[in-house]
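Engineer: Take this structure, written in structure tokens, and hold onto it; I'll ask about it next.
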Amino acid sequence: MGPCLGTIPSLLPLLWLCLCLCLWAWPCLAFSPMSSWDCPLPCQCWPPPNQTVSCRGLGLHAFPRDLPTDTRALDLSGNAIAWVGQAELDGLKGLEELDLSGNRLWTLYEGPAFLRLSVLLLDANPLACDCELWWLVVAAEGGGLDLGNPQCSSPPQARGRALLEYALDAFPSLCEARAPGLRFMASSSPPPHPLPPHPRPPSILDEETLPVVFTMGSACFLGSIALCFGLLLLWSRLRGPVQRTVELEGALHSSGTDAQSEAIKYTTKMM
């Protein structure tokens with residue numbers, strides 16, 4: 001049987017399929033948390049250029065260790081961390097944003113690592129609004145530090161009030177023995193303090209994260225399908241018209257010893 005003209009090579013569809021899978025996987029992996037970049041489990045990390053680590057809502061009771069040293073943003077919200085000091089941040093020289101909202105912090109001692117931050121979120125913490133936080137108020141009032149809107153848990157007269165609002169009213173008289181610019185000693189171990197009950201940490205996939213994940217996944221999937229169809233259409237146009245007929249040659253032998261064979265050529269239409 002002679003060759004069949006216009007037959008598609010058997011490996012070509014497989015190569016196109018591999019290409020489509022690669023094009024589909026690349027954008028999805030680009031927007032997915034990476035397990036590399038020395039990311040401490042069970043945290044999630046987005047390596048450079050984002051340099052972000054999220055340990056949100058994991059029930060942590062202490063500051064996580066072995067964080068990437070070039071971390072720029074660290075999310076520790078929704079945990080049960082009761083103490084963060086200078087020692088915990090010493091190895092994170094590039095840290096700019098630290099989210100400690102929804103933990104069990106009652107105070108923070110001043111340290112160079114905190115003063116380097118541009119964002120330090122302390123919302124939903126049982127803060128003791130006393131003179132130990134005076135440096136924090138000064139840094140926020142100077143416009144170089146974003147604290148969010150933390151509220152006081154103690155003393156009784158400050159309970160439920162915003163830290164900045166209460167501090168501006170009460171601290172000038174309560175802390176008059178300490179100059180506003182006084183630097184307090186940073187401690188590496190937490191002072192004793194009773195821990196108030198802490199609510200259950202929120203889930204990582206909250207109502208804000210789920211729509212983003214769903215939208216990005218759908219966009220990657222639909223975009224990859226559209227790209228594959230477009231490439232296949234372009235490939236079919238470049239191939240030109242397809243030959244749909246084939247010529248076959250055969251030989252018929254008549255009976256008898258002196259029979260001569262006659263070659264018959266015919267054309268069939270391929271469906």
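Residues checked against (1) over 15 Å from A170 (Cα atoms); (2) open to solvent by 10 Å² or more (accessible area, probe 1.4 Å); (3) of a type outside the set (K, R):
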{"site": "L108", "(1), (2), (3)": "yes, no, yes"}
{"site": "F114", "(1), (2), (3)": "yes, no, yes"}
{"site": "L117", "(1), (2), (3)": "yes, no, yes"}
{"site": "L120", "(1), (2), (3)": "yes, no, yes"}
{"site": "C131", "(1), (2), (3)": "no, yes, yes"}
{"site": "V138", "(1), (2), (3)": "no, yes, yes"}
{"site": "G144", "(1), (2), (3)": "yes, yes, yes"}
{"site": "L147", "(1), (2), (3)": "yes, no, yes"}
{"site": "P150", "(1), (2), (3)": "yes, no, yes"}
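Engineer: Among the residues of the range 105-128, write down those that are in a loop (DSSP other than H, G, I, E, B), without any contact (Cβ under 8 Å) to a residue 40 or more places away in the chain and not aliphatic (A, V, I, L, M).
Structural biologist: Matches in the range 105-128: R116, S118, D123, N125.
Engineer: Taking the range 157-175, which residues are in contact with a strand residue (DSSP E or B) (Cβ under 7 Å, 6 or more places away or on another chain), closer than 9 Å to C129 by Cβ and either assigned to a helix (DSSP H, G or I) or not basic (K, R) (or both)?
Structural biologist: Answer for the range 157-175, where residues must be in contact with a strand residue (DSSP E or B) (Cβ under 7 Å, 6 or more places away or on another chain), closer than 9 Å to C129 by Cβ and either assigned to a helix (DSSP H, G or I) or not basic (K, R) (or both): A158, L163, Y166.
Engineer: Right, something else. Among all residue pairs at least 6 apart or on different chains, which show Cβ distances below 7 Å where the first residue, located in the range 81-92, is in contact (Cβ under 8 Å) with a residue 12 or more places away in the chain and the second is not in a loop (DSSP other than H, G, I, E, B)?
Structural biologist: From residues that are in contact (Cβ under 8 Å) with a residue 12 or more places away in the chain, the pairs are Q86/A113; L89/A113; D90/A113.
Engineer: Another question, then. Sort out which residues of the range 129-146 are in a helix (DSSP H, G or I) and touching a Ser or Thr at 6+ places or on another chain (Cβ under 7 Å), and write them in order of number.
Structural biologist: Those that are in a helix (DSSP H, G or I) and touching a Ser or Thr at 6+ places or on another chain (Cβ under 7 Å): E132, L133.
Engineer: Would you please list the contacts, defined by Cβ atoms under 9 Å and residues six or more apart or on different chains, that run from a residue in the range 143-159 that is over 11 Å from L122 (Cβ atoms) to a residue that is exposed (fewer than 13 other Cβ atoms within 10 Å of the Cβ) and of a type in the set (S, T, N, Q)?
Structural biologist: Close Cβ pairs (under 9 Å, with a partner that is exposed (fewer than 13 other Cβ atoms within 10 Å of the Cβ) and of a type in the set (S, T, N, Q)) amount to G144/S118.
The values are calculated or read from the model by the stated rules, or taken from the named source; none is laboratory data. A quick note: this is a predicted structure, and the numbers were derived from the prediction, not measured. With ideal geometry, Cβ positions are generated from the backbone for all residues, glycine too; neighbour counts draw on all protein chains shown. Calculation scope for accessible area: heavy atoms of the full protein, side chains included, ligands and nucleic acids excluded. Shrake-Rupley method; radii C 1.70, N 1.55, O 1.52, S 1.80 Å.
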